[in-house]
1. May I ask you to verify whether Met23 is aliphatic (A, V, I, L, M), part of a helix (DSSP H, G or I) and in contact (Cβ under 8 Å) with a residue 40 or more places away in the chain?
2. Could you say whether any residue in the stretch 54-70 is surrounded by 12 or more Cβ atoms within 10 Å (Cβ to Cβ) and in contact (Cβ under 8 Å) with a residue 60 or more places away in the chain?
3. Is it fair to say Gly51 is out of contact with any Phe, Trp or Tyr (no Cβ under 9 Å at 6 or more places or on another chain) and among the small types (Gly, Ala, Ser)?
4. Which pairs have Cβ atoms under 6 Å, sit 6 or more apart or on different chains, and link a residue in the stretch 27-50 that is within 25 Å of Val15 (Cβ to Cβ) to one that is part of a helix (DSSP H, G or I) and among the acidic types (Asp, Glu)?
5. One residue is enough: does the stretch 11-34 have a residue meeting the conditions among the polar types (S, T, N, Q), surrounded by 13 or more Cβ atoms within 10 Å (Cβ to Cβ) and touching a Leu at 6+ places or on another chain (Cβ under 8 Å)?
Amino acid sequence: MPTQKQILLLKVMIVIGLFLILMGHTLLSYNLLTHLGPLGFAIGASCIAIGLICSLPTKIYLTILLMRSERH
């Protein structure tokens, strides 16, 4: 079974991932990086991609842990 420290780390990763997704969306929506041209779009899209990579697997893992704990 995972420790409370590991679960806390997973929750922190979710928050970091969500923050990166929101930051990337904000950068693309409000055209904050349009003066960089295609590089600006790549930066915004990279923030969203890294945010998804950080947040999605941890959510799945925490869901599996919850399902296991309710089964016992």
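Coordinate-derived values only; no laboratory data. Being a predicted model, the structure only gives us computed values, none of them experimental. FYI the Cβ positions are ideal-geometry reconstructions off the backbone, even for glycines, and counts take in every protein chain you see.
1. Working: aliphatic (A, V, I, L, M): yes; part of a helix (DSSP H, G or I): yes; in contact (Cβ under 8 Å) with a residue 40 or more places away in the chain: no.
No, not satisfied.
2. So far as the stretch 54-70 goes, yes, one or more of its residues are surrounded by 12 or more Cβ atoms within 10 Å (Cβ to Cβ) and in contact (Cβ under 8 Å) with a residue 60 or more places away in the chain.
3. no
4. Partner pairs satisfying both residue conditions: none exist.
5. For the stretch 11-34, residues among the polar types (S, T, N, Q), surrounded by 13 or more Cβ atoms within 10 Å (Cβ to Cβ) and touching a Leu at 6+ places or on another chain (Cβ under 8 Å): absent.
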